[in-house]
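The values are calculated or read from the model by the stated rules, or taken from the named source; none is laboratory data. What you see is a predicted model; the values in this text were computed from it and never measured. For neighbour counting, all protein chains shown are included, and Cβ atoms are generated from backbone atoms with ideal geometry for every residue, glycine included. Just so you know, the surface numbers come from the protein's heavy atoms only, side chains and all, with ligands and any DNA or RNA stripped out. Shrake-Rupley method; radii C 1.70, N 1.55, O 1.52, S 1.80 Å.
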Amino acid sequence: MASLDVDAVQVFVTIAEQQSFTRAAEALGTTQAAISVKLKRLEDRLGEKLIERTPRRVRLSARGAAFLCPARDFIAAHDRAVAGLAVEPRRLAIGFLDYAAGTELPALLARLHAHDPSLVIEARIDSSRHLLDAYDRGDLDAVIVRREDDRRDGEVLGVARYGWFAMPDFIWRPDEPLRFAACAATCSERIMATRALDAAGIAWTEAFLGGGTAAVVAAVSAGLAVAPLAHRVVPFGAIEVSGRLKLPPLPSAEILLHTRVTDPHSRAALRTLVSAFREHRVRAG
């Protein structure tokens, strides 16, 4: 029976998750040449081709796909064993824009824990501005946020599409201001939406102010108002009402990762989180 090298298996898992030799090398703090050698040794040891690589893409072979879950279990078991000897656990403080991960946040955290069971995860959910302020103070190691007007740094993870949503029986009479639900006054989505309404000459009034996206979603579900929402967090039963109510289109926004993580283990954990985030966004459309 073939014995497995932990580093080689970790290389395989990282390549599979990143779908890129370049990103895998970056996550592991090494070179593409080094991970290629380790992958080749693992494939020779198993007698199986695990990764299929072309100039345009990197993907798992059939045998590689079958080996991925056992490989993750193998790495997790190794990390648990090592963690038992660790004197002080590592900590990773991450901030999430409340709608950026959507309902997949538990799955993302589970993937992160499976990658490194010894890692102590500190998660904060808040608005982009508050998270960026905490990140700039050094309170957070990484944040996944909406791009703000005054920031040009960060790695693009995806794009959030917005629309005006309300329940089907929501009524707006032309002689009345639009009943509008949003987060606090400093919320980026509120500022974006009110600017669009003002530019279109549409009168509006705040019917509901919430402390986060979940509160605004609840107000929409209750039929209190119309709200600008990312498509990923639209409540069950709500519909896009831009056309029916002749509301102005809302611009999309980039979702970015900001990080100051430098040690290889934490970087690898963060890249695993990013990979899972992108996978879920693709499946969610």
Residue pairs qualifying under the 6 Å Cβ cut-off, at least six apart or on distinct chains, with the first in segment 201-219 being more than 16 Å from residue 179 (Cβ to Cβ) and the second being part of a helix (DSSP H, G or I), are 213/233
Options 80, 23, 72; residue that is surrounded by fewer than 17 Cβ atoms within 10 Å (Cβ to Cβ) and basic (Lys, Arg): 80
If residue 95 satisfies every condition in (1) of a type outside the set (Asp, Glu); (2) modelled with pLDDT of 85 or more; (3) open to solvent by 80 Å² or more (accessible area, probe 1.4 Å); (4) touching a Lys or Arg at 6+ places or on another chain (Cβ under 9 Å) but one, which is the exception? (3)
When the residues of segment 124-138 are filtered to those that are in contact with a strand residue (DSSP E or B) (Cβ under 7 Å, 6 or more places away or on another chain) and open to solvent by 60 Å² or more (accessible area, probe 1.4 Å), which remaining residue is nearest to residue 230 (Cα to Cα)? 125
Write out, first by first residue and then by second, each pair whose Cβ atoms fall under 6 Å of each other, whose residues are 6+ apart or on separate chains, and whose first residue, in segment 240-253, is open to solvent by 30 Å² or more (accessible area, probe 1.4 Å) while the second is not aromatic (Phe, Trp, Tyr). 240/163; 252/159; 252/161
Quick one: would you say residue 202 is open to solvent by less than 30 Å² (accessible area, probe 1.4 Å), hydrophobic (A, V, I, L, M, F, W, C), at pLDDT 90 or above and part of a loop (DSSP other than H, G, I, E, B)? yes
Which residues, taken from segment 106-123, are among the aliphatic types (A, V, I, L, M) and open to solvent by 40 Å² or more (accessible area, probe 1.4 Å)? 107, 109, 110, 114, 120, 121, 123
Which of the residues that make up segment 205-239 are outside any loop (DSSP other than H, G, I, E, B), out of contact with any Asp or Glu (no Cβ under 6 Å at 6 or more places or on another chain) and open to solvent by less than 20 Å² (accessible area, probe 1.4 Å)? 216, 219, 220, 226, 227, 229, 230
